[in-house]
Each structure stands twice: as C-alpha cells, then as structure tokens.
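Here's the structure, in structure tokens; my notes come after.
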Amino acid sequence: RLYGAGSKLSNDIGYELGQAKGVAYQGAIHYNQAEWDQALEKYFESLGLVDTSVELRHKAAMFNNIGNVYNMQGEFFTALDYLQKASVLFEAVNDTFSTIINKNNTGSLFMRSMNPISGKRVLNEALALAKVVGDPYFLSDTYTNLGNASKIEGNGRESLSFYQLAHPNYVKVGDPRFLAMSFGNIADGFY
C-alpha cells in the first residue's frame with residue numbers, strides 16, 4: 001500500500017521515475033513472496049512509466065529483475081536474454097556494483113543451462129570487476145560462483161581452490177550464514 005501511495009503521489013507531482021520505482025518496489029514484494037506473474041506484471045509496468053531512453057539505470061534494473069523472475073520460473077533462455085540486456089546497460093551507466101551482481105547471476109545461469117565456457121567467461125569478468133572494487137562480499141560471491149562452475153565441470157581441485165579464495169572474504173563480511181556456507185563449500189571441495 002505504501003509503495004502504491006508513493007507511486008501515486010509521484011504521479012500527481014509529475015515525477016515519472018518516482019512513480020516507476022514505486023511500482024517496481026511492489027514487484028519486488030511479489031518477487032519475495034514467489035508471486036512470479038505479479039512480479040513480472042509490475043516490472044513491465046514500471047518500464048512503461050518512464051522514458052527508458054533517459055532512465056537507463058532504471059531500465060537496466062527492470063531488465064535484471066525480469067531476468068531473475070524468468071530464472072526462478074525455469075525459463076533460462078528468456079532469463080539470460082534479459083540479464084544480458086541489463087548487463088550492457090549497467091556498464092553503460094558505470095554501475096559497477098550492479099554489473100558485478102548481474103554478471104554473477106548471468107554466469108550462474110549459463111552454468112545451469114549447461115554452457116560452462118560462457119558461464120566461466122562472464123564469472124571471470126565479474127571477478128575482474130570485484131577485484132578492482134575490493135569489496136569482500138562481491139569477491140566472496142564471485143569466487144563461490146566460480147567454485148560452483150568448476151564443480152559442475154567436474155574439476156574438484158579447481159572448485160576447492162575457488163572456495164578457499166572465497167572464505168577469507170566471507171570472514172571479512174562477518175555474516176555467520178555465509179561463513180557456514182563457506183565451510184560447507186570447502187568441505188564439499190575436499191570431498
């Protein structure tokens with residue numbers, strides 16, 4: 001209700017981006033409740049509310065969100081199409097953090113659709129950006145995804161190596177859930 005009210009108020013004062021963001025946030029609520037069709041409806045509606053030739057960042061975010069919904073629905077190729085469109089736009093507006101997240105999602109999706117060469121290429125692009133940024137969360141996430149990719153390829157030693165590179169970054173992040181996952185990944189790598 002609050003996002004709807006914010007969107008309406010933004011419309012009343014002629015703030016298109018605010019109106020679009022209010023609708024997009026409603027989509028995020030549907031996404032978090034696994035209401036995929038409703039989330040898609042809101043994300044597409046949000047795209048139609050602003051001049052996306054000007055608001056490239058918003059367009060990229062909606063493409064990314066739409067791709068994530070299609071991924072959750074198991075429509076990998078449609079998801080991949082939207083994630084790749086988002087990646088181009090995130091790079092165009094120099095949004096490095098979103099580009100890293102997007103490339104991790106895209107690389108993981110390539111791996112799930114059994115395209116390991118493209119998956120690792122995109123994940124290595126994410127890693128290069130994560131190293132420049134130096135943020136431990138992005139480093140740990142990317143190393144973990146590379147470890148998962150190596151595991152899918154059947155390369156246990158390489159998988160373990162990536163999981164071990166992720167671990168000290170998870171320690172820096174300090175979230176016990178991530179640490180537990182990291183220990184599990186390392187154990188799996190040794191296995």
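Okay, here's what the table says:
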| item | result |
| --- | --- |
| Residue list for the stretch 118-130, restricted to those being within 17 Å of Ala166 (Cα to Cα) and open to solvent by 60 Å² or more (accessible area, probe 1.4 Å) | Asn124, Glu125 |
| Among residues of the stretch 70-117, those that are over 18 Å from Ala130 (Cβ atoms), among the aromatic types (Phe, Trp, Tyr) and open to solvent by 50 Å² or more (accessible area, probe 1.4 Å), counted | 2 |
| Residue within the stretch 153-162 that is part of a helix (DSSP H, G or I), crowded, with 19+ Cβ neighbours inside 10 Å, out of contact with any Lys or Arg (no Cβ under 8 Å at 6 or more places or on another chain) and of a type in the set (Gly, Ala, Ser) present | no |
| Total residues in the stretch 48-69, condition in a helix (DSSP H, G or I) and either open to solvent by less than 20 Å² (accessible area, probe 1.4 Å) or closer than 17 Å to Trp36 by Cα (or both) | 11 |
| Residue in the stretch 138-150 that is within 16 Å of Phe63 (Cβ to Cβ) and either touching a Cys at 6+ places or on another chain (Cβ under 7 Å) or free of Cβ contacts under 8 Å to residues at least 60 places away in the same chain (or both) present | no |
| Failed item in (1) over 17 Å from the mean Cα position of the chain (by Cα); (2) touching a residue at least 40 places away in the same chain (Cβ under 8 Å), with Ile100 passing the rest | (1) |
| Boolean, Asn169 is of a type outside the set (Ser, Thr, Tyr), assigned to a helix (DSSP H, G or I), open to solvent by 60 Å² or more (accessible area, probe 1.4 Å) and closer than 18 Å to Thr96 by Cβ | no |
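The values are calculated or read from the model by the stated rules, or taken from the named source; none is laboratory data. Since we're looking at a predicted model, the values are computed, not measured. Positions of Cβ are generated from backbone atoms using ideal geometry, with glycine treated the same way; all protein chains shown enter the neighbour counts. Remember, those area values only see protein heavy atoms, side chains included, never the ligands or the DNA or RNA. Shrake-Rupley method; radii C 1.70, N 1.55, O 1.52, S 1.80 Å.
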